[in-house]
Amino acid sequence: MTALSFKGKEFVYNHHLAVPFRPLVPHPDKGVGQASLDGNLIIQGDNLHALKALLPYYAGKVDCIFIDPPYNTGNEGWSYNDNVNAPMIREWLNNNPIGIEDGLRHDKWCAMMWPRLRLLRELLADDGLIFVTLDDNEQHRFRLLMDEVFGDVNYVAAAAWQKRTSPDARKNLSPAYDYVTVYAKEITKGKLSLNKMPLAAGRIDEYRNPDDDHRGEWASVDLTGQTGHATADQFYEIELPSGRKIQPPEGRCWALAQETFNRLVADERIWFGVTGDNRPRLKKFLSESEGATIWTWWPYEECGTNEKAAQALREVMGQPITFDNPKPVQLIDRIISLATDQNALILDSFAGSGTTAHLPA
Ligand SMILES: C[S@@+](CC[C@H](N)C(=O)[O-])C[C@H]1O[C@@H](n2cnc3c(N)ncnc32)[C@H](O)[C@@H]1O
């Protein structure tokens, strides 16, 4: 497998094992209700220590991890602080925060991420998923880190989240989206099953009921298919209600075998148009819809923008906010709805303004 090499890799490779276990100390005065380590938790501190402290309670139990690490733009002010037992890495501590001039900026970022990704993997359940937001500063290095820590077979996809609604005039080619990269802990792509999403309002508007069907509103889909994998019983003549007889269009077959087609006609699930003379289409009822399959384009109308997230944060916290580019609640909602069902265990170890905790229960 192609592996990423970065300065310090040999020193951080097993650093997660050397990180001491530190106890989680409840602060009842900062919490709501009874302080309890097995309830919802906000942990203050370096996330390397926090992740290690969570291991005894949550190893192999977390259903969904969302992380939004520093993008390593060179002006976020993040610091490399890990107590790695190697002189070269100890020297790095003198050059914090990591600025744009730092020639080892990318090595330090990889060295910071490596032990955290190792611990996150240990915390994830066997059928769990991890979602990670980044941009072009580190996305390509991150993919290689993940291929090594999680295994390239566990890569699921990288969605493009449209983070803004218009170009940034200060940029030459203004980025419109961030990546939301998804890896599974164990499951291969074949077994992966993400939840469907509720249909968007625009899609629901496409459902009508021109034949007053008792099952309610429906939308129709094409009933022809490609001939590549077609079987003989997908080529047959159909007599339309108007009496006209038709074959599949040139180079196409019917999507359904004749027996299935006849059964659906009998159940009034095939639409031949108002006059009964159109090529047949399949009726899909809104009441039977399982929701929409999500693809890797996540537009701002569905997942919000950084600007909207900052606005929402200002409404909660008052002006001015000290967090750059917070993530919108809608984005985290999309991730959690895709990956989990009720009562899931969710972890965000670069919480920033705490968007993940903002989600309604
Ligand atoms: C990109 S921001 C996350 C923003 C967050 N998703 C939000 O919606 O506000 C990255 C966050 O990680 C925090 N961070 C960086 N290094 C950290 C560390 N070692 N331990 C804990 N948090 C860290 C930063 O302070 C920053 O708030």
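The values are calculated or read from the model by the stated rules, or taken from the named source; none is laboratory data. Please read all numbers here as calculations on a predicted model, not as lab measurements. Cβ placement follows ideal geometry from the backbone for every residue including glycine, while neighbour counts extend to all protein chains displayed.
Are any of the residues in the stretch 173-187 outside the structural domain of residue 256 (by TED's automatic domain parsing), among the small types (Gly, Ala, Ser) and in a loop (DSSP other than H, G, I, E, B)?
Scanning the stretch 173-187, I find at least one residue that is outside the structural domain of residue 256 (by TED's automatic domain parsing), among the small types (Gly, Ala, Ser) and in a loop (DSSP other than H, G, I, E, B), so the answer is yes.
What do you reckon, is residue 248 away from the ligand (no atom under 13 Å from the Cβ), in a loop (DSSP other than H, G, I, E, B) and in contact with a strand residue (DSSP E or B) (Cβ under 7 Å, 6 or more places away or on another chain)?
For residue 248, the condition - away from the ligand (no atom under 13 Å from the Cβ), in a loop (DSSP other than H, G, I, E, B) and in contact with a strand residue (DSSP E or B) (Cβ under 7 Å, 6 or more places away or on another chain) - is met.
Check residue 35 against each of (1) under 29 Å from the mean Cα position of the chain (by Cα); (2) in a loop (DSSP other than H, G, I, E, B); (3) surrounded by fewer than 19 Cβ atoms within 10 Å (Cβ to Cβ) and name the one condition it does not meet.
(1)
Where residues in the stretch 281-303 are out of contact with any Leu (no Cβ under 9 Å at 6 or more places or on another chain) and of a type in the set (S, T, N, Q), which of them is surrounded by the most Cβ atoms within 10 Å (Cβ to Cβ)?
296
Scan the stretch 80-94 for residues that are outside any loop (DSSP other than H, G, I, E, B) and among the acidic types (Asp, Glu) and jot them down. Spell out the reasoning first.
We begin by selecting, within the stretch 80-94, every residue outside any loop (DSSP other than H, G, I, E, B); these are 87-94.
Within the stretch 80-94, 91 is the sole residue that qualifies.
Does any residue in the stretch 128-145 that is more than 16 Å from residue 327 (Cβ to Cβ) come within less than 8 Å, Cβ to Cβ, of a residue that is acidic (Asp, Glu) and not in a helix (DSSP H, G or I) six or more places away or on a different chain, and which pairs are these?
Matching pairs, first to second residue: 128/63; 129/63.
Restricting the stretch 318-333 to residues that are farther than 13 Å from residue 357 by Cβ and in contact (Cβ under 8 Å) with a residue 12 or more places away in the chain, which is farthest from the ligand (Cβ to nearest atom)?
The selected residue is 330.
Within the stretch 245-262, restricting attention to residues that are farther than 23 Å from residue 213 by Cβ and of a type in the set (D, E, K, R), which residue is surrounded by the fewest Cβ atoms within 10 Å (Cβ to Cβ)?
250
Report every pair of residues separated by at least 6 positions or lying on different chains whose Cβ atoms are under 8 Å apart, first residue within the stretch 207-218 and on the phi > 0 side of the Ramachandran plot, second surrounded by fewer than 12 Cβ atoms within 10 Å (Cβ to Cβ).
Here the result reads 216/287, each pair linking the stretch 207-218 to a residue that is surrounded by fewer than 12 Cβ atoms within 10 Å (Cβ to Cβ).
Residues to consider are 306, 278; find the one that is under 30 Å from residue 243 (Cα atoms) and surrounded by 15 or more Cβ atoms within 10 Å (Cβ to Cβ).
278
Within the stretch 334-361, can you find the residues that are within 11 Å of the ligand (Cβ to nearest atom), in a loop (DSSP other than H, G, I, E, B) and not aromatic (Phe, Trp, Tyr)?
Correct list: 348, 349, 351, 352, 353, 354.
Table: residues versus (1) aromatic (Phe, Trp, Tyr); (2) closer than 26 Å to residue 354 by Cα.
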residue: 67; (1), (2): no, yes
residue: 70; (1), (2): no, yes
residue: 80; (1), (2): yes, yes
residue: 95; (1), (2): no, no
residue: 110; (1), (2): no, yes
residue: 124; (1), (2): no, yes
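Please work out which residue is nearest to the ligand (Cβ to nearest atom), limiting yourself to the stretch 122-150 and to residues that are farther than 30 Å from residue 100 by Cβ and in contact with a strand residue (DSSP E or B) (Cβ under 8 Å, 6 or more places away or on another chain). I'd like the intermediate steps shown before the answer.
Going residue by residue through the stretch 122-150, those that are farther than 30 Å from residue 100 by Cβ are 122-129.
Checking which are in contact with a strand residue (DSSP E or B) (Cβ under 8 Å, 6 or more places away or on another chain) leaves us with 123-125, 127-129.
On the way: 123: 15, 124: 18, 125: 22, 127: 24, 128: 19, 129: 17 Å.
So, considering only residues that are farther than 30 Å from residue 100 by Cβ and in contact with a strand residue (DSSP E or B) (Cβ under 8 Å, 6 or more places away or on another chain), the one nearest to the ligand (Cβ to nearest atom) is 123.
Taking the condition more than 14 Å from the ligand (Cβ to nearest atom), out of contact with any Ser or Thr (no Cβ under 8 Å at 6 or more places or on another chain) and in a loop (DSSP other than H, G, I, E, B), does residue 77 pass?
The answer is no for residue 77.
Every residue, every condition in (1) under 25 Å from residue 326 (Cα atoms); (2) away from the ligand (no atom under 16 Å from the Cβ); (3) in contact with a His (Cβ under 9 Å, 6 or more places away or on another chain); (4) modelled with pLDDT under 95, yes or no:
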{"residue": "25", "(1), (2), (3), (4)": "no, yes, no, yes"}
{"residue": "38", "(1), (2), (3), (4)": "no, yes, no, yes"}
{"residue": "41", "(1), (2), (3), (4)": "yes, no, no, yes"}
{"residue": "59", "(1), (2), (3), (4)": "no, yes, no, no"}
{"residue": "72", "(1), (2), (3), (4)": "yes, no, yes, no"}
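Quick one: residue 265 ticks every box in (1) surrounded by fewer than 18 Cβ atoms within 10 Å (Cβ to Cβ); (2) in a helix (DSSP H, G or I); (3) within 16 Å of the ligand (Cβ to nearest atom) except a single one, so which number is it?
For residue 265, the failing item is (3).
Given the conditions (1) surrounded by 14 or more Cβ atoms within 10 Å (Cβ to Cβ); (2) not assigned by TED's automatic domain parsing to the domain that holds residue 235, which single one is not true for residue 315?
(1)
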